[in-house]
Structure formats: structure tokens, C-alpha cells
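K.L.:
My questions will all concern the structure given below.
What follows draws every value from the coordinates through simple rules; no lab data is involved. Please read these numbers as outputs of a predicted model, since none were measured by experiment. Note that each Cβ is placed from the backbone with ideal geometry, even for glycine, and that neighbours are counted across all protein chains shown.
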Amino acid sequence: MRIPDSNIEIINPNVRLGQIRFGVFDFDGTLSVIREGWPEVMIPMMVDVLMETPRHESREEIHAVVKEFVERLTGKQTIYQMLELVEEIKKRGGTPADPLVYKQRYLDLLWERICKRVYDLEEGGTDPDDRLIMGARRFLDGLTARGVKLFLASGTDDDAVQRESRALKVDKYFKGGIYGALPNWTDFSKKKLIAKIISDNKLSGPELFVVGDGFVEIEEGHNVGAVTIALPTNEVARCGEDAWKRNRLVRAGADLVAPDFTCADKLLGLLFGDIKPPKS
């Protein structure tokens, strides 16, 4: 069911709207495209590592294995993809290094790809909105104007999320806090943060929305009855739908799908009950 004159799709016709007070945003791919292209860094690195094991398959087969678990774990902290890599090394008769070693190798390679993007933002050479999903700032402004308390939760390391959210000038919107991966990865998860928000504020599910482009945050939001908004954006274009992402996020439990925030006003109207879903 699609909202007229918009790119917003209602997947769950029974979703309860009009009660929103709190919101949780994923960061990379949901708001920020600073790290656009990160799978093209992580996957080849992991393939190279696995090709060094004694009992490896062909490069094509290894690539398929790595792509599956990297995509499956997207939205969780980066370390979980490295923990999976360690297990795959063991399966093939290799002796893995500490997962933190592989994580640092990946982060060093990724920084080579994105450092100019970050520096250009910090030095004023790039308009921050040019590194955001289209319409994101209008959506954030609208939520803030309506008094919604917002939280930012990311699987990216906390210091990087703090820095990149400042560079994009979106940090000011997240009065509830900005949360990223910690050195002890068991200390933080999106699941824990969502549960804490609900507990601390004595919320019923529909008073909270969760928006993201990763399976993890949509699944965790769905599990607690929050309103879940899938954002399957083409990150290169910063707008438009990635069909593979959409289908995966629907399976995770998305109530609504909006490939970007270009229909921010209509999405706000829907969330707050100003726009009624069409009858099916």
C-alpha cells in the first residue's frame, strides 16, 4: 500500500501510528553516506585472508561466503563480522589472528577511502547535506519541531560516529545521545539501547520509531513493537530504492518503507497521524 504522491510504502496495515515520542536512527546508510562503499573494502580484504588458508575454495566461492555473512551482520558492530571471519578461517584449517587485528586492518583501508570526505566536511569544502541521504535534515528538523527525543545508534566505532555526526552537523538533533561501538563490544548493542529507552521512559511500542537500512535495527525495533521504518536507499545516488535492501528489510519486520527522506513532510504526517493511510 503506497501513500499517494509519495515514495512511502505501508507494509504492515495494522501499524499503530500517531503516538510517536521517541526515535532511534541508524547512522551509516540511513543518514550518512560518508562511508558509502564500505563493503567494497571489507569483502575483498576478507576474501584475501581466506584465500591464504590451507583448505580454501575458489575465489568466487569464498567471495560468496564472505558477502553472505557481511550482509547478514550489517547493522551490528563491525567486530561481529570479524568474529565471523575468524570462524571461517578456522573452518579452512587456518590459524586466525585476534579479530581486533582484522578490524583494524579493515578500518585502515576504509580510512584511505573516506578520509578526504571527512576532511572536506570538517574544513568546509563540502556542504554537509551533500553527504546525507536526501531530505534527511528536513526530516530531523520536523521531528525536533514536534518535540521527539532522538537517539543515534551505530555499529561503527563510537569515536568515528561522534566525529562524523559533528562533521555532518547532525549531532545537535540527538538529545538522547549518540552511541557507537565500544572497545568491549558486549557493552553496547542496538538491542540494549532500544530496551533501555523503552524501560527508562516507560514506553509502549508505538511511542517509539526505529529507522534504518540494516536488518538488525529493523528486527530489534519490530521485536519490541516499535514503529519500524526501512530505508533501502541507493547510497551512491543518496536517493531511490535498492530492491535487494528493501526485500531484506521487509523480512526483518519493517512497518513502513521509504527509500529516502525526500517525502519528509508526508512521512512526518503519517507518523503523527496527520495523514491517514488509505484503506486497502
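K.L.:
Just tell me which lysines come within less than 23 Å, Cα to Cα, of K279; anything on the same chain fewer than 8 places away is out.
P.N.:
In chain and number order, the partners are K266.
K.L.:
With only Lys, Arg, Asp and Glu charged, each at its Cβ (+1 for the first two, -1 for the last two), find how big the charge dipole of segment 165-252 is about the Cα centre; round to the nearest 20 debye. Write out the running numbers ahead of the final one.
P.N.:
Numbers: 14 positive and 11 negative charges, 35 e Å.
It comes to approximately 160 debye.
K.L.:
Which GluC sites (Glu not before Pro) in segment 89-154 sit in a loop by DSSP (not H, G, I, E or B) and have at most 16 other Cβ atoms within 10 Å of their own Cβ? Mind showing how you got there, number by number?
P.N.:
Details: sites: E112, E122, E123; in loops: E123.
Answer by residue number: E123.
K.L.:
Just need the Rg to Rh number for segment 194-264, please, alpha carbons only, Kirkwood Rh. Intermediate results must be reported in sequence, preceding the final value.
P.N.:
Details: Rg = 12.6 Å, Rh = 12.3 Å.
So for segment 194-264, dividing Rg by the Kirkwood Rh gives 1.02.
K.L.:
Among all lysine pairs in segment 39-122 that are eight or more places apart or on different chains, how many have alpha carbons less than 18 angstrom apart?
P.N.:
Numbers: K67/K76; K67/K90; K67/K91; K67/K103; K76/K103; K90/K103.
Counting lysine pairs in segment 39-122 gives 6.
K.L.:
Quick one: if the Förster radius is 30 Å, what FRET efficiency do A237 and A64 give, using the C-beta to C-beta distance and rounding to 0.05? Please report the intermediate quantities before stating the final value.
P.N.:
On the way: r = 26 Å, r/R0 = 0.87.
Using R0 = 30 Å, I get an efficiency of 0.70.
K.L.:
Straight-line reach only, C-alpha to C-alpha below 20 angstrom: list the lysines that K172 could link to, leaving out same-chain residues fewer than 8 apart.
P.N.:
Within the straight-line cut-off, K172 pairs with K149.
K.L.:
Helix-derived [θ] at 222 nm for the chain: sum -39500 (n - 2.57) over DSSP H runs of at least 4, divide by residue count, nearest 500? Don't jump to the answer; show the numbers that get you there.
P.N.:
Values: 10 runs with 123 residues, N = 280.
Here the helix-only value at 222 nm equals -13500 deg cm²/dmol.
K.L.:
A further question on this structure: Only sites in a loop by DSSP and with at most 11 other Cβ atoms within 10 Å count here; which trypsin sites (Lys or Arg not before Pro) in segment 206-280 make the cut?
P.N.:
Details: sites: R238, K245, R246, R248, R251, K266, K279; in loops: R238, K279.
Taking segment 206-280 and a limit of 11 other Cβ atoms within 10 Å, the loop trypsin sites (Lys or Arg not before Pro) found are K279.
K.L.:
Quick check: convex hull of the Cα atoms in segment 39-122, volume per residue, rounded to a whole Å³? Working shown, then result.
P.N.:
Numbers: hull volume 7.6 nm³, N = 84.
In segment 39-122, the Cα convex hull volume per residue is 91 Å³.
K.L.:
May I ask you to compute the full-extension gain from D48 to E122, defined as 0.36 nm times their residue separation minus their alpha-carbon distance, rounded to one decimal in nm?
P.N.:
Values: separation 74, 0.36 × 74 = 26.64 nm, distance 3.34 nm.
In short, 23.3 nm is gained.
K.L.:
With N denoting the number of residues in segment 109-267, provide Rg(C-alpha) divided by 2.2 N^0.38 Å, to two decimal places. Write out the running numbers ahead of the final one.
P.N.:
Details: Rg = 15.7 Å, N = 159, 2.2 N^0.38 = 15.1 Å.
Against the empirical 2.2 N^0.38 Å value, I get 1.04 for segment 109-267.
K.L.:
Could I ask something else about it? Once you have the Cα-Cα distance between D274 and N12, take 0.36 nm times their residue separation minus that, and quote the gain in nm to one decimal. Mind showing how you got there, number by number?
P.N.:
On the way: separation 262, 0.36 × 262 = 94.32 nm, distance 1.80 nm.
Extra length from D274 to N12 when fully extended: 92.5 nm.
K.L.:
For R2 and S199, what is the calculated FRET efficiency with R₀ set at 41 Å and r taken between the beta-carbons, to the nearest 0.05? Display every interim value, and only then the final one.
P.N.:
Working: r = 35 Å, r/R0 = 0.86.
For R0 = 41 Å, the calculated efficiency reads 0.70.
K.L.:
Given that compact globular proteins tend to follow 2.2 N^0.38 Å, what is the ratio of the alpha-carbon Rg of the chain to that value? List each step's numbers first, then the result.
P.N.:
Working: Rg = 19.1 Å, N = 280, 2.2 N^0.38 = 18.7 Å.
That works out to 1.02 for the chain.
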